[in-house]
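Have a look at the structure below, then the notes.
The values are calculated or read from the model by the stated rules, or taken from the named source; none is laboratory data. Small disclaimer: the values here were computed from a predicted structure and weren't measured. Virtual Cβ from ideal backbone geometry, glycine too; neighbours counted across all protein chains shown.
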């Protein structure tokens, strides 16, 4: 039984996606699913109870109806394998947003997804809409800002509840496949906390001895370059295709699931050849290599969102890590190394009383760096623009930069501001 909310701005295509999910489950599985339409259902309840449209009611009456709505969701959850609800976090109101997401919404759903349809498509859908015609003059820039606002706010809420906000895209077929996989395999393969507990148990003997654990990203952290691109080039996967999956710095389970689906179609021989080619082109950071060699009393764990096959070969050759975790290209999936996964590993180690040092270079690493006792950014050749934007947005952080190099982030540490 699972209650799943799919959020997104108006005209993102939430209804269309949910209808396709239900059709897929009906055609290919024995699983049952129901779509509860958020706005439509609230209006129906409003007419039944108050003989008025929902939006015309006083806030006290709306609160009653929202509570009634969550009761309906819970009731249907006992009847169906999957309850899907299309939700609105906010509505655009000039240059600001009217938030309609409530405490009831926050607590009723098991998982939160966000349908991040391209802004130009949403504008087109708004212009051509034949139903309730809203946002007819909305621009791509306004849509882009609206989506960023919603994703940032929902991400904060999900983080508070130790959940991942999964970002979907306009690729309906892939999104449907992923939602089915999530429904079928979340507990066993996609729950980061479960894997973090399993990981600690498996390596307990190794992890209990040292007081300090180093968690370190691989591509563009341990190495100057990103071996994933060489790997994909050999497999015939264009760099542009890979970048399009992660466009706008989206690094959730869904994106890594899409990439895994690209990899697993390849023959094992081709994967091995590609990994070896990537190994030949890996350029290790001497600064990082020397830093790790000096940490003699620490356990070093490589945690890469790149390709496990490449970094296994790197580790066989250079003996960098005591343990390596990474995304597989094999047909069977054990876990996905997402930002949320990295954070869960760091949190589990801290919960066990370990002093966690985390090192990374990109937005994929930020949650891990923030939760660690000491989080360090690495910038070998140039600054990561998304990381720069993040630092500007949060204002202050307890992340430091490792190594005194020519390119430096403008890091304003929270502890320094407190002292000031």
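Considering only the range 71-127, give the strands (runs of 3 or more DSSP E) lying wholly within it that have at least 1 residues that are over 18 Å from residue 155 (Cβ atoms). Give the steps one after another, and end with the answer.
Values: elements: 82-87, 90-93, 96-99, 111-115.
Hits in the range 71-127: 82-87, 90-93, 96-99.
Restricting attention to the range 9-46, the residues being part of a helix (DSSP H, G or I) and more than 18 Å from residue 168 (Cβ to Cβ) number 11. Being exposed (fewer than 15 other Cβ atoms within 10 Å of the Cβ), modelled with pLDDT under 95 and closer than 28 Å to residue 190 by Cβ, is that true of even one residue in the range 405-413? The answer is no; no qualifying residue exists. Checked against (1) more than 29 Å from the chain's Cα centre (by Cα); (2) surrounded by 15 or more Cβ atoms within 10 Å (Cβ to Cβ); (3) part of a loop (DSSP other than H, G, I, E, B), residue 61 passes all but condition (3). Restricting attention to the range 265-281, the residues that are part of a helix (DSSP H, G or I) and out of contact with any helix residue (DSSP H, G or I) (no Cβ under 9 Å at 6 or more places or on another chain) total 2. For the range 16-36, the criterion of being in contact (Cβ under 8 Å) with a residue 12 or more places away in the chain and under 23 Å from residue 97 (Cα atoms) is met by none of the residues. For the range 20-35, a tally of residues being crowded, with 16+ Cβ neighbours inside 10 Å and out of contact with any helix residue (DSSP H, G or I) (no Cβ under 6 Å at 6 or more places or on another chain) returns 2.
Here's a check for you: in the range 168-184, which residue that is out of contact with any strand residue (DSSP E or B) (no Cβ under 8 Å at 6 or more places or on another chain), at pLDDT 95 or above and part of a helix (DSSP H, G or I) is surrounded by the fewest Cβ atoms within 10 Å (Cβ to Cβ)? Here the answer is 173.
Among the numbered conditions (1) more than 30 Å from residue 83 (Cα to Cα); (2) buried (at least 16 other Cβ atoms within 10 Å of the Cβ); (3) under 23 Å from the mean Cα position of the chain (by Cα), the only one that residue 213 does not meet is (3).
Could you say whether any residue in the range 333-348 is over 20 Å from residue 207 (Cβ atoms), at pLDDT below 95 and buried (at least 22 other Cβ atoms within 10 Å of the Cβ)?
No, the conditions are met nowhere in the range 333-348.
State yes or no: is residue 187 more than 20 Å from residue 365 (Cβ to Cβ), surrounded by 21 or more Cβ atoms within 10 Å (Cβ to Cβ) and within 17 Å of the chain's Cα centre (by Cα)? In short, no. Among residues that are touching a strand residue (DSSP E or B) at 6+ places or on another chain (Cβ under 8 Å), touching a residue at least 12 places away in the same chain (Cβ under 8 Å), over 30 Å from residue 296 (Cβ atoms) and outside the structural domain of residue 347 (by TED's automatic domain parsing), residue 108 is included.
Closer than 16 Å to residue 86 by Cβ and either at pLDDT 90 or above or in the same structural domain as residue 89 (by TED's automatic domain parsing) (or both): is that true of residue 149 in this structure? Criteria not met by residue 149.
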